[in-house]
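One structure is given here, and the rest of the page talks about it.
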Amino acid sequence: MAKATMYFPADFVWGTATSAHQVEGNNQNNDWWEWELGKGHILEGGRSGLACNWWQNAEADLDIAAEMGNTAHRFSLEWSRIEPKPSIFDDEAIARYREILSAMIARGIEPMVTLHHFSNPLWLVEKGDFSSELIVDYFRRYTAKVVNSLGDLIPKWNTINEPMVYFVYRYLEKQFPEPVERGWTAGIRALRHMLRCHAVAYQVIKETYPGAEVGLAKHIRPVEAWPPGNALDRWWARRVSRFFNDSWLEALINGRLHLPLGRGSDKDLANTLDFIGVNYYSRSLVRFPPRPRRLYETKVPKGAVTTEDQFFELYPKGLFKALKACRGYNLPIYITENGLPDSNDRLRPAFIMNHLREVWRALNFNYPIMGYYHWSLVDNFVWDRGWTQRLGLVEIDLETQDRIWRPSARLYQEICRDNYISSDQAERYAPEILDTMFPGQAPEPGNFANQNEMIL
């Protein structure tokens with residue numbers, strides 16, 4: 001085994017991430033709260049309920065983030081709190097968000113704010129939400145209110161979280177609250193409206209704060225033919241990847257629309273990204289023909305290492321592939337989500353180190369990667385999976401709301417503070433990866449001026 005240290009740039013951002021409905025608690029005025037009431041919608045009958053009680057006590061978890069050495073935190077605003085009824089804004093809710101933002105800054109944590117993270121006000125759903133063209137003006141109005149009220153505290157913005165995941169789970173499958181209309185036609189129409197919502201939000205933010213950085217959190221899934229795959233499988237994999245991974249970003253960078261999003265170009269969409277937020281969890285393996293109402297598969301090949309509930313394959317190399325794909329857009333990249341469900345913290349230490357090694361490798365090829373936000377800081381409500389998945393570096397006891405640091409939280413604390421990953425950390429936290437992550441023999445004494453600075 002080689003002894004080595006993999007350093008990150010001095011200004012690299014180390015953060016964590018959460019979203020409003022998953023941590024705040026008692027968001028009773030949105031479509032997710034209503035959806036949770038329906039039988040069979042949430043695994044094991046879970047409810048968000050008090051969640052992590054951030055609406056009352058976010059500062060306590062921000063203390064943990066600061067102690068962990070986080071220099072940034074990505075979180076979302078709950079639209080239904082800010083605008084509980086059409087054109088009626090809640091000044092108390094806005095004031096509470098100002099308190100949370102100020103608390104981050106006071107702790108040396110830079111905020112990255114997401115305007116829309118899967119949840120919608122009930123009144124918006126009644127009006128058709130993203131299926132209706134009205135959403136563009138509503139989103140402009142909502143963004144303007146946030147900018148005017150909170151923009152002085154927000155240096156980085158994500159307009160929309162994972163638009164393609166929203167499309168798949170809400171319009172094709174039944175894992176998210178159902179819209180007024182479902183199916184491909186309604187879903188594609190919603191995606192077009194979401195593109196326009198992003199563009200108008202970008203313009204609203206830039207008009208008031210031209211120095212702000214505006215992007216979006218885009219779920220990237222390397223798409224490959226199911227092994228061994230034939231020519232049709234490989235063709236379909238390219239088509240799925242083009243649609244799921246590329247079409248959205250290309251529309252916002254150069255204004256080009258590709259089927260099924262449309263045809264031609266839209267100049268209002270072009271040049272409305274300052275950075276790309278990459279959410280990466282795993283790859284997709286596809287076959288042709290696809291199953292009805294399915295765009296990609298979540299099954300894993302035989303023998304693959306998976307999460308404890310076999311929810312997805314652990315595939316660190318896919319993060320490098322995702323970063324490589326985004327590099328071609330010539331924009332700064334932030335890894336805005338990366339994590340796994342692991343209640344016993346058995347896999348997470350190795351997961352963190354293996355994925356960060358791929359980030360380090362990409363940086364050595366001069367990929368413009370600016371930071372990494374681990375998902376998540378604390379256990380939280382995981383949408384249709386409820387409380388069955390624990391993705392937090394910090395465990396939450398739902399009955400007492402006590403916080404318990406997992407070993408992976410201590411590992412991440414070391415990484416954030418020291419700005420590197422090393423074979424020493426692997427020995428202490430994830431010895432099972434030593435032979436694969438740090439292969440080879442250590443150099444003879446004297447061969448390097450500093451053995452810890454050898455290049456792998």
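The values are calculated or read from the model by the stated rules, or taken from the named source; none is laboratory data. In this text, all values refer to a predicted model and were calculated from it rather than measured experimentally. All Cβ positions, glycine included, derive from the backbone under ideal geometry; neighbour counts span all protein chains shown.
Summary of values
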item: Residues located in the range 234-258, provided they are outside any helix (DSSP H, G or I) and within 15 Å of N271 (Cα to Cα); result: G255, R256, L257
item: Residue check for L434: touching a residue at least 60 places away in the same chain (Cβ under 8 Å), surrounded by fewer than 18 Cβ atoms within 10 Å (Cβ to Cβ) and part of a helix (DSSP H, G or I); result: yes
item: Answer residue from the range 212-228, given it is in contact (Cβ under 8 Å) with a residue 40 or more places away in the chain and in a loop (DSSP other than H, G, I, E, B) and is surrounded by the most Cβ atoms within 10 Å (Cβ to Cβ) among those; result: I220
item: Of all residues making up the range 83-140, the number that are surrounded by fewer than 17 Cβ atoms within 10 Å (Cβ to Cβ), small (G, A, S) and more than 23 Å from the chain's Cα centre (by Cα); result: 3
item: Residue in the range 156-178 that is closer than 13 Å to T143 by Cβ, at pLDDT 95 or above, buried (at least 17 other Cβ atoms within 10 Å of the Cβ) and not polar (S, T, N, Q) present; result: yes
item: Test for A106: is it without any contact (Cβ under 8 Å) to a residue 60 or more places away in the chain, touching a Lys or Arg at 6+ places or on another chain (Cβ under 6 Å) and farther than 30 Å from T436 by Cβ; result: no
item: Qualifying residue in the range 343-354 (condition: closer than 30 Å to D31 by Cα and small (G, A, S)); result: yes
item: Candidate set: the range 141-153, residues that are surrounded by fewer than 23 Cβ atoms within 10 Å (Cβ to Cβ) and among the hydrophobic types (A, V, I, L, M, F, W, C); chosen: the one farthest from R182 (Cα to Cα); result: L153
item: Answer residue from the range 259-301, given it is in contact (Cβ under 8 Å) with a residue 12 or more places away in the chain and not in a loop (DSSP other than H, G, I, E, B) and is surrounded by the most Cβ atoms within 10 Å (Cβ to Cβ) among those; result: G277
item: Identity of the residue in the range 399-419, assigned to a loop (DSSP other than H, G, I, E, B) and without any contact (Cβ under 8 Å) to a residue 24 or more places away in the chain, that ends up nearest to the chain's Cα centre (by Cα); result: D402
item: Matching residues in the range 28-49 - criterion: being touching a Gly at 6+ places or on another chain (Cβ under 7 Å), among the hydrophobic types (A, V, I, L, M, F, W, C) and either at pLDDT below 95 or surrounded by fewer than 16 Cβ atoms within 10 Å (Cβ to Cβ) (or both); result: L43
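Here's the yes/no breakdown for (1) in contact with a helix residue (DSSP H, G or I) (Cβ under 6 Å, 6 or more places away or on another chain); (2) closer than 17 Å to H117 by Cβ; (3) free of Cβ contacts under 8 Å to residues at least 12 places away in the same chain:
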{"site": "K3", "(1), (2), (3)": "yes, no, no"}
{"site": "H21", "(1), (2), (3)": "yes, yes, no"}
{"site": "N30", "(1), (2), (3)": "yes, yes, no"}
{"site": "W33", "(1), (2), (3)": "no, yes, no"}
{"site": "L37", "(1), (2), (3)": "no, no, yes"}
{"site": "L43", "(1), (2), (3)": "yes, no, no"}
{"site": "L50", "(1), (2), (3)": "no, no, no"}
{"site": "N53", "(1), (2), (3)": "no, no, no"}
{"site": "E59", "(1), (2), (3)": "yes, no, no"}
